[in-house]
Every structure is written in structure tokens, then in C-alpha cells.
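*Asks:* Sharing a structure here in C-alpha cells format.
Each reported figure results from applying straightforward, stated rules to the coordinates on display, with no laboratory input. This is a predicted model, so every value here is computed, not measured. Every residue, glycine as well, gets a Cβ built from its backbone with ideal geometry; the counts of neighbours run over all protein chains shown.
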């Protein structure tokens, strides 16, 4: 945490911020180690304070020893002046993407009334940019989460049978991951069969899986606060010509991205590697989402791999590679692997087998 505090202070200096108020839960955990559901970090050039309520004061002392403890109670106007007691003037950054309009009004009222020399400065991406590059321990936790998801997928896929409902499959996957040590899942599992697979974020329903149709499974585990993300597309029985064609196109697009992504490439350049394959196959309009996204403390974070992503992919970033094709009324195919940028290119963390729609075999 000391190294992370040093990095955030360097970025504060670059942005001419005298203090920052961190409220976003993942950012708060990243900088302090405190995983309580409520609290704020106030960081200056020389001090770091964790403000939380009575429920978490003892926990905060144990999890965040690098921070001074400040107990809050009641309305914001009752405790915020005390938290800001050491600040008389300068720029105070707040997380504009997380602070609600109501909370901003409360902050502004307290600052105007008690600290008129302070300027409230909205900040975007201050902590998120640091989180994008992973430390070795973080990569290890993500890899363990990916392993748990891989194992659960292969166990449940082997038991998948015609007539099971989407909800039944989702529960089997969740139970397997939780029994293997996963914390609360990072997102709701997607099990989408037949026409439902045309909906990229379909919620599992009572629909029963039928032979010969596409089944998209999107799942992830969480270990030590860090997430994984995995998608596989299956077919029970014999796939038809459309499924073979669509699946092979998506698989080719993913392979093109895995081979072509290089350190220093922009997110939109990475996205274009897969999108061009899908476009040439005639499915340009059926690939409506980005190629990928960062994965870490959140299931979706920096970096972004999409048509409008200008950020650069750099060493030790972890991200998904997940092209897809979705055809209304028929279904869809998505294949997603998690990768870490190492030695100039992506190394896959996902190991779950991918079905071979042409011969019925599976491969990694």
C-alpha cells in the first residue's frame, strides 16, 4: 500500500491536486486494503486518512494500518468539516464518476461554509489508471480466479444435457465456483440458449436447452477481491451449417486478435484485428460490442479494447478478448479468454476447452 500511496501522490502532483477524496469501493480497497462497504479515503501529500462509521472502525485499523482512522456518524455536514480540518486552501479532488449529485451538493455546501479556500475539482481515472497495470500478486489472484472458472465450466459442461433449463445450468456453475473457494461472483452468470443467445447479456430463464442450438455461457469467479471472466459457446448434438459458420468466424476472429495484439497497441487497433475478420465474413453488423475490457478488482475496468478506445495496451495489463456474432431470432456465439500482456503480447490465463463445431472435439 505504501507503493500505491506513493504512486497516487505523484499523480496528484501532476494534476495539481492538494488532496483527494476517494469514495469508489474498488479504488478505496486498492489504495488501503479496506474492504468494508462504506468509507472514504482522504489523501494529501503527507497524510492518509480512512473515514468510516462505527461498524468498521476496528476492521479499518486491521486492514489499513497505513491510514489514520477517522470515525464518521450522522449527516455529511456533521463529520466532513472534521475530516478536512487540516486543509485550508488548494484543490480537493473528488471522484466525479462515483459521487452522486446529492453527495456533491453536500460536499460543496460544507466546503463553501467551512473551507472557502478549497476548490472542489472533479477527477476522472486517477486511481483507475493505476489499477490498469497489475502487480505480480494481482495477476496471481486473477489467474487463480480464472482457474476456478475454467474448472467449473468443464465440470458442468460435461454434465450438460438436453432439457436442462438455463437457470439450472447457471446454478450448477455458481455452486461449483463457490465450493472451489470463489467469493461473491463478480457478475451474474449468463446462460443463453437458442434465440436467447442473440442477447449478449441475457439473464438465465426457465427455457430448456435443446439439441443442435447455440448455448452461450459467460461466467467469472472472484479470489482476494480479483475477478475472472470467461465465455464459451456450446452445442448439444449436431450443429447446423449456420452455427458451424458463425462459430468458426468468431474463433478465427479471436485467434487473429490473440496473435496480432502487441505491447503499445491502442485499444481500437486491437479491436480492429478481430472486427475485420467478422466484417469479411459478412457479419459486421452482428458484432455490436467491443472486443474486450480490463479485468481486475472490477469485472469491467481499464484498459478498453473497442472501436473508440484510444488508450494503450501495456505490459502487465489484464484484459478479455471476446468477439461475438449475434443474429436475432437464431442465437449467437461469443468466445472469451482472459489475457495478461507479457513479453510483448497476450498470454492467456483462461484454459477452458473450446468446442470444435466441425468434429465435435474440444481444444484449448
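*Asks:* Give the calculated FRET efficiency between residue 358 and residue 88 to the nearest 0.05, with a Förster radius of 51 Å applied to their Cβ-Cβ distance. Let's see the in-between values first.
*Replies:* Working: r = 71 Å, r/R0 = 1.38.
The formula returns an efficiency of 0.10 here.
*Asks:* Using a cut-off of under 13 Å, list every residue of the stretch 82-107 whose amide N is near the label point 7 Å from the Cα of residue 119 along the Cα-to-beta-carbon line.
*Replies:* What the label zone holds, given the 13 Å backbone N cut-off, is 89-93.
*Asks:* Now for a separate question. Compute the distance from the alpha-carbon center of the stretch 73-106 to that of the stretch 125-172, in whole Å.
*Replies:* 37 Å
*Asks:* How much length is gained if the chain between residue 263 and residue 187 is pulled fully straight, taking 0.36 nm per residue apart and subtracting their Cα-Cα distance, in nm to one decimal?
*Replies:* Full extension from residue 263 to residue 187 adds 24.5 nm.
*Asks:* Any chance you could run the full-extension gain for residue 154 through residue 129? It's 0.36 nm times the residue separation minus the Cα-Cα distance, nm to one decimal. All intermediate terms of the calculation are to be shown ahead of the outcome.
*Replies:* Values: separation 25, 0.36 × 25 = 9.00 nm, distance 3.41 nm.
Length difference between fully extended and current span is 5.6 nm.
*Asks:* Under a point spin-label approximation (7 Å from Cα along Cα-to-Cβ), what is the residue 47-residue 180 distance to one decimal in nm?
*Replies:* 4.7 nm
*Asks:* Sticking with this structure for a sec: Report, in deg cm²/dmol and to the nearest 500, the calculated mean residue ellipticity at 222 nm for the chain, where each DSSP H run with n ≥ 4 adds -39500 (n - 2.57) and the sum is divided by the residue count.
*Replies:* So the helix-based figure for the chain works out to -11000 deg cm²/dmol.
*Asks:* Sticking with this one: Computed from these coordinates, which is percent of Cα pairs over 34 Å apart: [x] 36; [y] 26; [z] 50?
*Replies:* Given [x] 36; [y] 26; [z] 50, the calculated one carries the label [x].
*Asks:* Follow-up question, since we're still on this one. Mind telling me which of 346, 25, 65 comes out most flexible in a GNM of the chain, alpha-carbon contacts under 10 Å?
*Replies:* Highest fluctuation among the options: 65.
*Asks:* A further question follows. Quote to one decimal, in nm, the extra length available between residue 103 and residue 7 on full extension: 0.36 nm per residue of separation minus the C-alpha distance between them.
*Replies:* Working: separation 96, 0.36 × 96 = 34.56 nm, distance 2.70 nm.
Full extension from residue 103 to residue 7 adds 31.9 nm.
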